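Take a look at the structure set out below.
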Amino acid sequence: MTTPWSADFPFLAVPDRLSPHYLDNAATTQIVRPALDALVRAEVELRANVHRAVHARGEAATAALEAARSAVAAAFRVQGEEIIFTSGTTHAINLVAYGWGQRLQPGDRVIVSALEHHANLVPWQMLAERRGIELSVVPVDEDGRLDLAAFEDLIDHQTRLVALTHASNVTGAVTDVARVVAAARAVDALVLLDGAQMARHGPPDLEALGVDFYACSGHKLFGPTGIGVLWARRAVLADMLPMLGGGSMIRRVTLSGSTWADPPRRFEAGTPPIAAAIGLGAAISWLSVQDHSAMAAHEHALTERLLEGLRQRQQIRVLGPRRGRIGVVAITIEGAHPHDIAQVLDQHGVAVRGGHHCCQPLMDRFDLDGTTRLSLAPYTDAADIDAALAGIDDAIRQLT
Amino acid sequence: MSEALYQPALLAHAKDTAHVGRPEGASLEARADNPLCGDRVVLFGVAQAGQIVRMGHTARGCVVCKAATAILAARVAAVPLNAATLAAWHRDLDQLLAGGAVAVDLAPLAPAAAHPSRHACVRLAAVAADGLWSAVSEA
């Protein structure tokens, strides 16, 4: 079985490939061919350091890196100098928590939620400890969605930043960004979105979303590993402190002190992940020209097939809402541990994730040790879903 | 291979309640957490003459983690935990996970050797046992 996007994913052509039914896309998607080709070309034809060399190879590498930055910016409908290459979403959010958060004072407040991945929680806890600010938490409802009514009660004029997930990596719930932004604007607070799960569903239109920071990872949107993006408005970046010091991020260095380069280079100390960034640019360019409605319809149909199959099995509990969700489905099976379920599914060639998914507060919210998570991508087909359901039946037989 | 992991003997150990809970007279307690998966083992010990003569446990974890904990508790019920028996436990686990010789009571855990991602599940009770033994030493 193939999908309209299968031909673009080289892993599907590997004979006897490991984990043939790959449903761990919330952790890492497979790389798309243009990204792989760009990555290889960058490492073979363009490998040189950037921004300093006068030789042809260095000039070409610099041009390719900056073209990748422009490609990301175009897809996100923002300016190139507002795109910072990071190692991933975690790095991007830490960069904001340090570089922007360091200017906060006691009495200031940052709002996060109980739905957050640790990457969008722990950096703010660290900031709260460093700067003596208040950290407030938006609760999660029974369907695994943000309780936005509670959020609207919580936000006040002390709030400087609202840092929320764009879509949950456990419940799949998609955040009502317009409602969040409206509440934040009313008190002059900024909004950061963790786009790790949402960005692969089509490049975010940051102009339309109206947020101030956006973070995402290459390995979750069909690009290379070890690369990600932080976007922030130019005026916000201009006021941010660098997190790492070293080469490339300076304007002038003397023995008595240093001054900083303008963004984005202020935040890209040292040699950047050049080839990975070029690969990411190619992945996002590929994604931006796909039929996103068709992709969404494909994912929705398969998610419904999965949810319907799960509903027919009595021992299974599905977290997350019926509507307003992406193809990330977390389940529990009464009497079976998520790792054991994942292990049995592996026997069926089905790759899923078991555990707390770096969301321990969310597990506490539902009084769970963990869940088993199945997550879809454009190359997922009905055979993958059916193999997963067969594996789940076997897990129920073996473990309960 | 993973086909053999969930054998009846392993599942039986995971469900074994013989040493679950805090035994009477237990004055020592040690806990080990696996931060990657959130699994947790708590061991309770009754100390006598510088060794642990009875041990109880609560394990929140996978089949492998629970079974390893139950097997350790059964060992301690037969032979007290002291520096020598704890070292033997570690040595037996090392050999098992390296694919080497397997102690008779650990046989149900042997298939886990083929799954490096599950080795921490096998060892979690041993981490807690180290803590329990430290508590004896400090007492």
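The values are calculated or read from the model by the stated rules, or taken from the named source; none is laboratory data. Being a predicted model, the structure only gives us computed values, none of them experimental. As a convention, Cβ positions derive from the backbone with ideal geometry for all residues, glycine included, and neighbour counts pool all protein chains shown. Just so you know, the surface numbers come from the protein's heavy atoms only, side chains and all, with ligands and any DNA or RNA stripped out. Shrake-Rupley method; radii C 1.70, N 1.55, O 1.52, S 1.80 Å.
Here region B:1-11 is the region considered, the condition is being open to solvent by less than 60 Å² (accessible area, probe 1.4 Å) and within 13 Å of another protein chain (Cβ to nearest Cβ), and the residue that is modelled with the lowest pLDDT is B:Ser2.
Residues that are more than 24 Å from A:Lys220 (Cα to Cα): which strands (runs of 3 or more DSSP E) entirely in region A:134-202 hold 3 or more of them?
Working: elements: A:134-138, A:159-165, A:190-194.
Because the criterion is at least 3 residues that are more than 24 Å from A:Lys220 (Cα to Cα), the strands (runs of 3 or more DSSP E) in region A:134-202 that meet it are A:134-138, A:159-165.
Got a sec? Which of A:Asp205, A:Asp194 is touching a residue at least 60 places away in the same chain (Cβ under 8 Å), crowded, with 18+ Cβ neighbours inside 10 Å and charged (D, E, K, R)? Show your work before the answer.
Numbers: A:Asp205 fails: crowded, with 18+ Cβ neighbours inside 10 Å.
Selected residue: A:Asp194, the only one of A:Asp205, A:Asp194 that is touching a residue at least 60 places away in the same chain (Cβ under 8 Å), crowded, with 18+ Cβ neighbours inside 10 Å and charged (D, E, K, R).
Any chance region A:46-65 includes a residue that's within 22 Å of the chain's Cα centre (by Cα) and over 23 Å from A:Tyr379 (Cα atoms)? Within region A:46-65, one or more residues are within 22 Å of the chain's Cα centre (by Cα) and over 23 Å from A:Tyr379 (Cα atoms).
Does region B:67-81 contain any residue that is assigned to a helix (DSSP H, G or I) and open to solvent by 70 Å² or more (accessible area, probe 1.4 Å)? Please lay out each step first, then the result.
If we filter region B:67-81 for residues that are assigned to a helix (DSSP H, G or I), which is where we start, we get B:67-78.
Keeping just the survivors that are open to solvent by 70 Å² or more (accessible area, probe 1.4 Å) gives B:78.
Yes, region B:67-81 contains at least one residue that is assigned to a helix (DSSP H, G or I) and open to solvent by 70 Å² or more (accessible area, probe 1.4 Å).
Looking across region B:18-42, the residues that are away from chain A (no Cβ under 14 Å), within 20 Å of A:Asp369 (Cα to Cα) and without any contact (Cβ under 8 Å) to a residue 60 or more places away in the chain come down to B:Val20, B:Gly21.
Of A:Ala377, A:Ala383, all but one fail to be modelled with pLDDT of 95 or more, open to solvent by 20 Å² or more (accessible area, probe 1.4 Å) and not aromatic (Phe, Trp, Tyr); the exception is A:Ala383.
Across region A:100-121, what is the total count of residues that are assigned to a strand (DSSP E or B) and open to solvent by less than 10 Å² (accessible area, probe 1.4 Å)? Before the answer, list the steps.
At the first step, the residues of region A:100-121 found to be assigned to a strand (DSSP E or B) are A:106, A:108-113.
Then keep just the ones that are open to solvent by less than 10 Å² (accessible area, probe 1.4 Å); that gives A:110-113.
So the answer is 4.
Restricting attention to region A:53-62, the residues being assigned to a loop (DSSP other than H, G, I, E, B) and open to solvent by 40 Å² or more (accessible area, probe 1.4 Å) number 2.
Listed conditions (1) open to solvent by 30 Å² or more (accessible area, probe 1.4 Å); (2) modelled with pLDDT of 95 or more; (3) assigned to a helix (DSSP H, G or I) are all met by A:Cys358, apart from (3). Applying the set (1) in the same structural domain as A:Leu376 (by TED's automatic domain parsing); (2) assigned to a loop (DSSP other than H, G, I, E, B) to A:Val50 leaves exactly one unmet item: (1). Taking residues in region A:347-360 that are closer than 23 Å to A:Gln398 by Cβ, and partners anywhere that are assigned to a helix (DSSP H, G or I) and open to solvent by 50 Å² or more (accessible area, probe 1.4 Å), the pairs with Cβ atoms closer than 9 Å and at least 6 places apart or on different chains are A:Gln347/B:Glu3; A:Val352/A:Asp346.
Filtered by the rule that a residue be under 25 Å from the mean Cα position of the chain (by Cα) and without any contact (Cβ under 8 Å) to a residue 24 or more places away in the chain, region A:300-316 gives A:Ala301, A:Glu304, A:Leu307.
Just name the residue that is farthest from B:Ser137 (Cα to Cα) out of those in region B:45-66 that are within 14 Å of another protein chain (Cβ to nearest Cβ) and part of a strand (DSSP E or B). It would help to see each step written out before you state the result.
The initial filter retains those residues of region B:45-66 that are within 14 Å of another protein chain (Cβ to nearest Cβ), namely B:58-66.
After this cut, where a residue has to be part of a strand (DSSP E or B) as well, the list is B:58-60.
On the way: B:Thr58: 22, B:Ala59: 24, B:Arg60: 26 Å.
That would be B:Arg60.
So for region A:265-281 (the condition being closer than 23 Å to A:His166 by Cβ, of a type in the set (Phe, Trp, Tyr), touching a Pro at 6+ places or on another chain (Cβ under 8 Å) and at pLDDT 95 or above), does at least one residue qualify? For region A:265-281, residues closer than 23 Å to A:His166 by Cβ, of a type in the set (Phe, Trp, Tyr), touching a Pro at 6+ places or on another chain (Cβ under 8 Å) and at pLDDT 95 or above: present.
Looking at region A:1-19 only, could you name the residues that are hydroxyl-bearing (Ser, Thr, Tyr) and not in a loop (DSSP other than H, G, I, E, B)? Please lay out each step first, then the result.
The initial filter retains those residues of region A:1-19 that are hydroxyl-bearing (Ser, Thr, Tyr), namely A:2-3, A:6, A:19.
Across region A:1-19, the qualifying residue is only A:Ser6.
Does B:Val42 fit the bill of being surrounded by fewer than 23 Cβ atoms within 10 Å (Cβ to Cβ), hydrophobic (A, V, I, L, M, F, W, C), assigned to a strand (DSSP E or B) and at pLDDT 95 or above? When the stated conditions are applied, B:Val42 passes them.
If we keep just the residues of region B:91-123 that are acidic (Asp, Glu) and open to solvent by 40 Å² or more (accessible area, probe 1.4 Å), which is farthest from the chain's Cα centre (by Cα)? Outline the logic, then answer.
Here is the first cut: in region B:91-123, the ones acidic (Asp, Glu) are B:92, B:94, B:105.
This time we only want the ones that are open to solvent by 40 Å² or more (accessible area, probe 1.4 Å), so: B:94, B:105.
Values: B:Asp94: 13, B:Asp105: 12 Å.
Looking at residues that are acidic (Asp, Glu) and open to solvent by 40 Å² or more (accessible area, probe 1.4 Å), I get B:Asp94.
Scanning region A:206-239 for residues that are over 20 Å from A:Ala282 (Cβ atoms) and either of a type in the set (S, T, N, Q) or in a loop (DSSP other than H, G, I, E, B) (or both) yields A:Gly210, A:Val211, A:Asp212, A:Arg233, A:Asp239.
Would you call A:Ala97 in contact with a Gly (Cβ under 6 Å, 6 or more places away or on another chain) and either surrounded by 15 or more Cβ atoms within 10 Å (Cβ to Cβ) or not in a loop (DSSP other than H, G, I, E, B) (or both)? Break it down into steps so the answer makes sense when it comes.
Working: in contact with a Gly (Cβ under 6 Å, 6 or more places away or on another chain): no; either surrounded by 15 or more Cβ atoms within 10 Å (Cβ to Cβ) or not in a loop (DSSP other than H, G, I, E, B) (or both): yes.
Taking the combined requirement at face value, the residue does not satisfy it.
Filter region A:20-47 down to the residues that are outside any helix (DSSP H, G or I) and without any contact (Cβ under 8 Å) to a residue 24 or more places away in the chain and list them by number.
Filtering region A:20-47 for residues outside any helix (DSSP H, G or I) gives A:20-32, A:45-47.
The answer is A:Glu45, and nothing else.
Taking the conditions (1) buried (at least 23 other Cβ atoms within 10 Å of the Cβ); (2) within 30 Å of A:Val350 (Cα to Cα); (3) more than 21 Å from the chain's Cα centre (by Cα) in turn, A:Asn25 satisfies each one other than (3). Counting the residues of region A:315-344 that are more than 10 Å from chain B (Cβ to nearest Cβ), in contact with an Asp or Glu (Cβ under 9 Å, 6 or more places away or on another chain) and outside any strand (DSSP E or B) gives 8.
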